[in-house]
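A short worksheet on the structure shown next.
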Amino acid sequence: MSQIPPPPPGQPTPMGGAGAAGSSTKTNVLLAYLLWWVTGLIFLFVGKNDPDVKWNAAQSVVILGGLWLIAFVISFFLLPLAGLIWFVAAVYWVIFLIGAFQYKGGHISAPGIGQFTNQYVDQLANAIN
């Protein structure tokens, strides 16, 4: 693969140049959250070469997938509690989508539970090579 030299001062970066890598990461992070844990699971493997994409995809699987599973199981017994868990999951989903849309690099931490879930997110992200 050939490298594209930087443009002269005052000229925009050409398509596929240095600016494209950051936007690709931002897009992949956003897509990792878009369809809850499903796209998180996909981007856990598709984005395995980018640590930020892999970490955010792992967080999507751990938090959104975990809340989905809990709500699914509880819905058979306590429907109102399952509704509350679905609501909490939807709030986290919106927070992650907004964070991914405003993405500037790094990890999008989950407010309130990030300090507890980050170790599991790290384990899952590091398990994928």
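A short reminder: the numbers here are calculations on the coordinates, not readings from a lab. Quick caveat, the model's predicted, so the values are computed rather than measured. Because the Cβ atoms are built from the backbone with ideal geometry, glycine has one as well, and the counts that use them run over all protein chains shown.
Computed quantities for the displayed model
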{"quantity": "Residue ID - farthest from the chain's Cα centre (by Cα), chosen from residues in region 28-53 that are within 20 Å of Leu67 (Cα to Cα) and of a type in the set (Gly, Ala, Ser)", "calculated": "Gly40"}
{"quantity": "Per-region count, region 109-126, residues more than 12 Å from the chain's Cα centre (by Cα) and either in contact (Cβ under 8 Å) with a residue 40 or more places away in the chain or part of a helix (DSSP H, G or I) (or both)", "calculated": "12"}
{"quantity": "Positions within region 84-108 being assigned to a loop (DSSP other than H, G, I, E, B), surrounded by fewer than 17 Cβ atoms within 10 Å (Cβ to Cβ) and either touching a residue at least 40 places away in the same chain (Cβ under 8 Å) or hydroxyl-bearing (Ser, Thr, Tyr) (or both), in sequence order", "calculated": "Gly105, Gly106"}
{"quantity": "Qualifying residue in region 39-57 (condition: crowded, with 20+ Cβ neighbours inside 10 Å, in contact (Cβ under 8 Å) with a residue 40 or more places away in the chain, at positive phi and assigned to a helix (DSSP H, G or I))", "calculated": "no"}
